[in-house]
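J.: Have a look at this one.
Where a number appears in this text, it was derived from the coordinates with a stated rule and is not lab data. The shown structure was predicted, so the numbers you read here are calculated from the model rather than taken from an experiment. All Cβ positions, even for glycine, are placed from backbone atoms using ideal geometry, and neighbour counts span all protein chains on display.
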Amino acid sequence: MMTSVVRGYGSYVESQLLGLGQNTVVVMGTSEYTLTRNDLDYIRGLPEVDVAEPFYLTQAYIQTKEGRKQVYVYAIDYDILNKAIGNLKLEKGEYPSLTDVTSAVIGHFVAFSESTGAKLFDIGDAITILMPQVKSGGKVTFTRATVRVSGIFEEYGGAMFVSPDTGIFLPEKSGKSILHMNSWSGIFIIVKDPMLVDSLVKKLRSTYAGKVDIIAFQQIAKVVSSITGAIDFIAFSTSLSAFAVAVAGTAATMITSVIERTREIGVLKALGFTDSQVMWMIIAEAILMSLIGGLIGVTLGLGGAFVMASRGLSISSGVSKLVIKAPPKITPELISYTMGITIIVGIIGGLIPAYRAAKIPPAVALRYE
Amino acid sequence: MLRDDIILKAVNLKKAYRVGDVVTWGLRGVNLEVRRGEFISIMGPSGSGKTTLLNMIGILDKPTKGDIIIDGVRVSKLSSKEMAKLRNRKIGFVFQQFNLISRLTVYENIELPLVARGMKRHLRRRMVVDALKMAAGDLTWLKKKPNQLSGGQQQRVAIARALVNNPAIILADEPTGALDRSSAKAVLQTFVNVNKHGQTVIVVTHDPEVANCSNRILIIRDGIIVKEEEPCWDKCIINTVK
């Protein structure tokens, strides 16, 4: 169960990160550094860079039939969005022109209810976006902006940086004019070759010396891969302990069974069963017992894995919260591996009791009360 | 060399049991020759060595000294596997407490010696049915569990299990000890019938009415066969119980 859930999350996170493009890097401005045209020109001038475009990003709320809903509003060049996020397709409508600053493409779960699937917004509908702003003294006020739905994305699934399903995507120019943001949130960079990502990141880190956040999805994927690998190893180590307990349990059960059936074993020997036939009979029983236990365990494990996975993995950072709902990675190999271990448990656990049963002299076994 | 008509021979059989430093002799030198087709009873008081002797000649236990020859095969030369094979092919056991396996059906109990022999399933059916008929059993019992049968019926199933492999020798240890007289008579009638078909029967018993059904009665005392008596057929339980 643990292995399938860990592997499920691991492969989900990796696929999402790599889905954003192995050659995608994002430079994010911080409270101490504001990205400007100079930064954009500098980045565009680097030999590793194919395309670099600035974007605006803010968290906001919209009013729907189901009440207030949290969304992410992006003002970004649609071309770079499509380059960065593979498989992002329009379900309906079209991309607005670059100058049409009040038209937006909305994510699937902005247009439809996540719980009921009911339509909330359609092409041509107006959406009022409420953007919170913290004033001095901690007072929060909302800035309003109204946009028209020009297109709706197909459902994409969770993503680590961009949330297409809960996003509202405006042309880049809307950042200033509609969202009233004074500076870019970040710069999206497409690197010429995934092999050049490390070199570019090194250069950017050297230039900005920690003043900006640099997100390289390829590198995150590597880190995630190594973390899930480590968790997988921990799960494997834990399963080794469970293996030892299972072997001891099987052995104890079979020893008890052999003791209780000593007389029966004597009868079998009197009827002509050989020591090896008796031994294999006990081992076969131990394997059968382990297999039944294994089948029950796998069934409960599968149920548990799906329950755990359905609750999702919640990642919070400040006010942002991302819930990853990845299906557990249950493969025929994993089930075969589990059942294989189960058979080994049966064999090892049954070996000593079986040997003991095989070596009982028949006359002694028949006298056993 | 054994004469062809000798199915079983015990030569100076001794069996010692050691508890700590104390050695107790169960058998003190038993010599015995059993001809093919004989029906022998072994009688004696409790602790005289009757069951020990039966275990030796049934290859369930190894003698401390001496040897057993079964149908020309010297048992002391055999490996554990060969002993099991000899038991399976040449000997059928009937126990006082039936020793049927309670979780198996009557059919499955009877076919056990054939399973041990490695016989294919489709060949076993006919042999199981024939053995149960020979043991005067009812074919409706085949699907039942032993605990659904009476003691007498269970013993007939146990006899069928002993007969199913058509062994040369049937060894029975107090086969009527747990039965009423009517059931005991039925069991003895089965042994007599089996013996008439040429199988050698050796019965250990306390009951003179059982011993009188045989051809020869051996009296054992303190681990030695002390005398041989002539049975009296009129006093056999088959004749005394109406």
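J.: Please tell me which of these pairs span more than 31 angstrom C-alpha to C-alpha: A:K135/A:K203; A:K139/A:K202; A:K69/A:K192; A:K69/A:K89?
T.: Listed pairs above 31 Å: A:K135/A:K203; A:K139/A:K202; A:K69/A:K192.
J.: Where a Cα-Cα gap under 22 Å defines reach, which lysines qualify for B:K133, not counting those fewer than 8 residues away within the same chain?
T.: By straight Cα distance, B:K133 reaches B:K90, B:K120, B:K143, B:K144, B:K145, B:K185, B:K196.
J.: Okay, helix-only estimate at 222 nm for chain A: each DSSP H run of n ≥ 4 adds -39500 (n - 2.57), divide by all residues, round to 500 deg cm²/dmol; what do you get?
T.: Rounded to the nearest 500, the figure is -16000 deg cm²/dmol.
J.: Taking trypsin sites (Lys or Arg not before Pro) as candidate sites, keep only those in a DSSP loop with at most 15 other Cβ atoms within 10 Å, then name the longest stretch of chain A containing none of them.
T.: It runs A:212-324.
J.: Using the charge dipole of segment A:221-367 (Lys, Arg: +1 at Cβ; Asp, Glu: -1 at Cβ; taken about the Cα centre), state which of A:T338, A:I352, A:F273 has its Cα farthest towards the positive end.
T.: A:T338
J.: Right, next: How large is ³J(HN,Hα) for each residue in segment A:253-259, as worked out from phi by the Karplus curve 6.51 cos²θ - 1.76 cosθ + 1.60 (θ = phi - 60°), to whole Hz, x for Gly and Pro?
T.: The phi angles translate into 4, 6, 5, 4, 4, 5, 4 Hz.
J.: Using alpha carbons only, how many degrees (0 to 90, rounded to 10) separate the axis of helix B:106-117 from the longest principal axis of chain B?
T.: Helix B:106-117 sits at roughly 50 degrees to that axis.
J.: Expressed as an acute angle from 0 to 90° and rounded to the nearest 10, what is the orientation of the C-alpha long axis of helix B:151-163 relative to the principal long axis of chain B?
T.: 70
J.: Quick check on segment A:24-192: take the gyration tensor over C-alpha atoms, sort the square-rooted eigenvalues as a ≥ b ≥ c, and tell me if it's rounded (a/c under 1.5), prolate or oblate.
T.: Taking the square roots of the gyration eigenvalues as a ≥ b ≥ c, segment A:24-192 is oblate.
J.: Could you work out the relative contact order of chain A? I mean the mean sequence separation of Cα pairs under 8 Å and 6+ apart, divided by the number of residues, in percent.
T.: 25
J.: Using the Karplus equation 6.51 cos²θ - 1.76 cosθ + 1.60 (θ = phi - 60°), what ³J(HN,Hα) coupling, rounded to whole Hz, does each residue of segment B:118-125 give in order, writing x for Gly and Pro?
T.: For segment B:118-125, the Karplus-derived couplings read x, 6, 5, 3, 5, 7, 6, 3 Hz, x marking Gly and Pro.
J.: Which shape class, rounded, prolate or oblate, goes with chain A when its Cα gyration tensor gives a ≥ b ≥ c as root eigenvalues, a/c under 1.5 marks rounded, and past that a/b bigger than b/c marks prolate?
T.: Prolate is the answer for chain A, as a/c is 1.5 or above and a/b outweighs b/c.
J.: Return the calculated 222 nm mean residue ellipticity for chain B, to the nearest 500 deg cm²/dmol, obtained by summing -39500 (n - 2.57) across DSSP H runs with n ≥ 4 and dividing by the residue count.
T.: It lands at -10000 deg cm²/dmol.
J.: Further question: List the lysines whose alpha-carbon lies under 16 Å from that of B:K77, not counting same-chain residues fewer than 8 positions away?
T.: B:K9, B:K62, B:K65, B:K85
J.: A:T274: net charge of surrounding residues, Cβ under 11 Å, Lys/Arg +1, Asp/Glu -1, itself excluded?
T.: +3
J.: Return the loop-located trypsin sites (Lys or Arg not before Pro) in segment B:179-217 (DSSP other than H, G, I, E, B) with at most 11 other Cβ atoms within 10 Å of their own Cβ; answer none if there are none.
T.: Listed in order of number, the matching sites amount to none.
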